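The values are calculated or read from the model by the stated rules, or taken from the named source; none is laboratory data. Predicted model only: the values in this text are computed from it and were never measured. Here the Cβ positions follow ideal geometry from the backbone for every residue, glycine too, while neighbour counts run over all protein chains shown. The accessibility values were calculated without ligands, DNA or RNA, using every heavy atom of the protein model including side chains. Shrake-Rupley method; radii C 1.70, N 1.55, O 1.52, S 1.80 Å.
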Amino acid sequence: MPAAAPPQPKPNTVARSWRRPGVRAAALPTLLALALNLVGAPAQAQLPPKVNAPAGMVLPGQPLPADLGGPAELVLPQAMVPPRAPQVPVTSAQVLRWRDEAALLEHGDNGLARDPARAATLYCQAARHGDAQAQYALAWMLTNGRGIERNDAAAAYLFAAAAEQGLPQAQRMAKALGEPQGEPPPCLRPPELDLPRPPAVAQAPDRAAPARPMLLPALRHRLYDEAPKPIVDYVKIMAPQYQVAPQLVLAIMAAESGFNPNAVSPKNAQGLMQLIPETAARFAVRDPLNPSQNIRGGMAYLRWLLAFFEGDVPLVIAAYNAGEHAVERYRGVPPYAETRFYLRRVLAFLGESLPLLPPHPFDAGITAASPAMPLIRLMGYAARR
């Protein structure tokens, strides 16, 4: 990531109406620090529970249900076509069941006949949901031709995805195979792409098309009541200067730190917006544990990501967690379990659902759009909004 600080935001005449009159911006950091000292640093704010979903669908030894595509219509061993994603949320326990059954079918254990094609199908399903071990196992089958057609290009991507999630054996294989080339395989395709699209609205031919809905600053939002008031007030005052909806900033903050200004992660991400040292330096944050500096740095990064991904909020959320380069490489939300869960968690705080989530306004003058955006749209991820 470049270390240079981003350009200062351009004046925004629309945003001025959001600002609270009579408050001097120079005094805001002092007021925020004083207020936080008065209320204390919360260990964890009272937030909505984590996103959960009904338990699984496929048990070992049972046939693959029709809503996953059905084994009869799959051509995975040759063309790497993944099964259709379930039309209900998927839990980590379900992903584990897919992976465990795939291992039994791959090796013919526990009384099951060996079935490499079906094993690859289940590994593929788990890999799409970010399971590193399933990604590694499917890559191993592909690179060795274990009952399915060999495909080193797809294997390189799968090894890389598992390696980037910290799987040591995948890291060794990824290093041996080198940088993946070409497009990511279908088994790393985001399962969100299979969700039902919103119905199209009929438009009379003599009528102008309605304006595209946008994710704009909310006048009322549940996070305004649930987050600490000094933080909410500061974000609502400063967010217009960075052209970011305050509810998006607070949703990111809720998922990152739970509104704890002293939070430090094992990867040394710090403060309310969990800035890693490289990002803090990139956006001129000298003290990441200073609440006002940390919030401004996080908002500057969000403003940059909104321009880079042309207002596509799920891509921005995924990039905030995994980095913009990972989003570009995988042409959408990266196939990491942590990032997949992070996206769902932020959307839950935001109170939005993926199929209907509108884009966010962005300033194209902040940075050029990602060169990968045409390919991301071609795959259907950004274009579905």
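Just a few scattered comments:
- Backbone amide hydrogens, once placed in the peptide plane, bring Leu215 within less than 5 Å of His360, excluding anything fewer than 5 places away on its chain.
- For Lys175, the aspartates and glutamates whose Cα comes closer than 16 Å to its Cα, not counting residues fewer than 8 places off in the same chain, are Asp152, Glu164.
- Full-extension gain in nm, Ala93 to Ser353, via 0.36 nm per residue minus C-alpha separation: 91.4 nm
- Relative to the current alpha-carbon distance between Asn110 and Glu179, full extension at 0.36 nm per residue lengthens the span by 21.1 nm.
- Ranked by the mean number of other Cβ atoms within 10 Å of their residues, highest first, the peptides 299-309, 267-277 fall in the order 299-309, 267-277.
- Cβ-placed point charges (K, R +1; D, E -1), dipole of segment 230-360 about Cα centre in debye, nearest 20: 100 debye
- Sulfur and carbon atoms: percent of accessible area, segment 212-312 [1.4 Å]: 52 percent
- For segment 282-385, the solvent-accessible area of protein heavy atoms averages 31 Å² per residue (probe radius 1.4 Å; ligands and nucleic acids excluded).
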